[in-house]
Amino acid sequence: MKINENYQKLPGSYLFSTISKKVKAFQKEHPEKEIIRLGIGDVTLPIVPAVIKALHQAVDEMGNASTFHGYAPDLGYPFLRETIAREDYEKRGCDVKADEIFISDGAKSDCGNIQELFGPEARIAVCDPVYPVYVDSNVMAGRAGEYDPSSGIWSKVIYLPCTRENRFVPGLPKETPDMIYLCNPSNPTGTAMTGKQLKVWVDYANEHDAVILYDAAYEAYISDREVPHSIYEVEGAKTCAIEFRSFSKNAGFTGMRLGFTVVPKELSFGGASLHDMWARRHGTKYNGAPYIQQKAGMAVYSQEGRRELAEQVAYYMRNARTIAQGLEEAGYEVAGGVNSPYVWLHTGKLTSWEFFDRLLENAQVVGTPGSGFGPSGEHYFRLTGFGTYENTVKAIERIKTYG
Ligand code: MLT
């Protein structure tokens, strides 16, 4: 029996599992200490009333023979696909049709699975630092080459450094990639590219026959009018970009699971339609997001849902501002926190993991070491605005005093 040896190449465990293990060990040693978790970007506010109401109704429907739903359509219920097409795209002037929208259990799975559509030799380009799923899923598929533990670099991955030197905006690569992952607003740096900056990438992808894999999971946090909510707001994107969206961050569905991916019909390479391939994959490997979740997703677009969720976003952004301002007052160099709930700080002379340990030991605050997101993340650290306001204030006070 031969296993997929690419898995053996993956260093350690998934970033957030490593952090969770470290925190558990610390808590075991110091059971009296109260730990504040601003590490993983998990939400803390409960699901809003409009969505809870929709969930209850959907559950009742499932208990009645005349309204019961079995297998969901594998690409998503038309009611949700049509609503998304209208509310997220048509209203922003984007030409995205309901049948180009594929409902799923979340952006993480789709970001991980999308690489199946591309050949084993396809080269990937990623921002550095980057959400680890993009790289790890390509390692599993054998597309990343060999790992050099001393530099944290995969031999076949094209890295696009995003550091304070380039204000966290990736520059075009020297080598030509086939797949370009862009997360905007960025996880982890919390910074965002404007439409003008994205246009450079769209033109580049169209010229070089590359595909942009655009993760827009944090679009609800955009406040800057120059930053588009969808890549399809950028002219030319329909012939080169796939977009991932999530209900986790805009509606608190991290524990419920719902997302969608847009694969435009125009997207074809060598006569093969990526839209048809993704539909084929979805139909074969996925039995559709549950009816209950999709009804909950509908409530996100209701008037009541929108109002309640805007309040949640404002709550988390107040946290992000509190973190950014507090850190600046404490003398840290800070990015993000304006179009994103993530704040990215420079750790000075300390490495990211040294800073992690110091913060945990001295202040009992958990964040995410920047180097876990890629080599250019070294000497940076991420804090999230997804905690409670009270804990956020407390965490910043502790960092100012002991950090
Ligand atoms: C993060 O902390 O980067 C995110 O919560 C991870 C995710 O969305 O899967």
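The values are calculated or read from the model by the stated rules, or taken from the named source; none is laboratory data. On a predicted model such as this, the values are computed, not experimentally measured, just so you know. For neighbour counting, all protein chains shown are included, and Cβ atoms are generated from backbone atoms with ideal geometry for every residue, glycine included.
A few notes on this one:
- Remark: pairs (first residue in segment 195-222, assigned by TED's automatic domain parsing to the domain that holds D178 and under 21 Å from S340 (Cα atoms); second residue among the acidic types (D, E) and crowded, with 23+ Cβ neighbours inside 10 Å; Cβ separation under 6 Å; 6+ apart in sequence or on different chains) = Y214/E243; A216/E243.
- Going through (1) within 28 Å of the chain's Cα centre (by Cα); (2) touching a residue at least 24 places away in the same chain (Cβ under 8 Å) one by one, H69 falls short only on (1).
- Strands (runs of 3 or more DSSP E) contained entirely in segment 207-287, each with at least 2 residues that are among the hydrophobic types (A, V, I, L, M, F, W, C) and more than 16 Å from the ligand (Cβ to nearest atom): 211-215, 241-246
- Only one of A299, A324 that is assigned to a helix (DSSP H, G or I), buried (at least 18 other Cβ atoms within 10 Å of the Cβ) and over 21 Å from the mean Cα position of the chain (by Cα): A299
- Residue in segment 337-353 that is among the aromatic types (F, W, Y), more than 21 Å from the chain's Cα centre (by Cα) and in a loop (DSSP other than H, G, I, E, B) present: no
- Considering T401, T384, the condition of being of a type in the set (S, T, N, Q) and over 19 Å from Y316 (Cα atoms) is satisfied by T401 alone.
- Segment 13-29, subset within 12 Å of the ligand (Cβ to nearest atom) and either more than 13 Å from V133 (Cα to Cα) or of a type in the set (S, T, N, Q) (or both), residue surrounded by the fewest Cβ atoms within 10 Å (Cβ to Cβ): S17
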